[in-house]
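This report concerns only the one structure given below.
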Amino acid sequence: LVLAGSEDCFFYALDAVSGAVRWKLETGLGIYSSAAVSGDRVFFAGKDGYLYALNVADGTTLWKSESMRTLTASPVAGESIVCLQAFYGGTQAFDPATGQRAWRANLGGSLQSTPIITEDAVYLATYPGVLYALR
């Protein structure tokens, strides 16, 4: 399975062997990010300001939560959290099962790195080289 977003407002799942479209979802305004996969779920951010969670197998929308429109990195998914980083809006974390926002940390516009998730923290780096560990 290959997952890809596009500027034509669709998020696609393609068969890795044949290239045939297995399913697609229309977002309305295009896709901001690459996908993050955790278990049977795929997460991506749309230009409509929502974080989407879909079933990998059939593309069923499990939830969508209002997030941010000015992303600086694709979402990152772990077992217990999905994180997004935006230029305006800081870092936001969501429950991957429900889409409920778990927390938000406004650490400034210089945070433009992809978050790294471990069992006990989320790590982010700023452009000048400051490292944050959020628990």
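The values are calculated or read from the model by the stated rules, or taken from the named source; none is laboratory data. Not measured: the values here are computed from a predicted model. Cβ atoms come from the backbone with ideal geometry, glycine included; neighbour counts cover every protein chain shown.
A quick yes/no check of all residues on (1) surrounded by 13 or more Cβ atoms within 10 Å (Cβ to Cβ); (2) within 22 Å of S113 (Cβ to Cβ); (3) in contact with a Ser or Thr (Cβ under 7 Å, 6 or more places away or on another chain):
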site	(1), (2), (3)
A20	no, no, no
R41	yes, no, no
G46	yes, yes, yes
A73	yes, yes, yes
I81	yes, yes, no
Per the filter on the range 59-79, residues modelled with pLDDT of 95 or more and of a type in the set (D, E, K, R) are none
Based on what the data block shows, is S65 surrounded by fewer than 17 Cβ atoms within 10 Å (Cβ to Cβ) and either aromatic (F, W, Y) or touching a strand residue (DSSP E or B) at 6+ places or on another chain (Cβ under 7 Å) (or both)? no
Taking the options A77, A13, name whichever one is surrounded by 19 or more Cβ atoms within 10 Å (Cβ to Cβ) and within 11 Å of the chain's Cα centre (by Cα). A77
All positions within the range 14-50 that are assigned to a strand (DSSP E or B) and touching a Cys at 6+ places or on another chain (Cβ under 7 Å): E26
Taking the conditions exactly as written (crowded, with 17+ Cβ neighbours inside 10 Å, in contact with a strand residue (DSSP E or B) (Cβ under 8 Å, 6 or more places away or on another chain) and among the aromatic types (F, W, Y)), does F87 satisfy them or not? no
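Looking only at the range 51-62, how many residues end up being part of a strand (DSSP E or B) and surrounded by fewer than 18 Cβ atoms within 10 Å (Cβ to Cβ)?
Of the residues in that region, 3 qualify.
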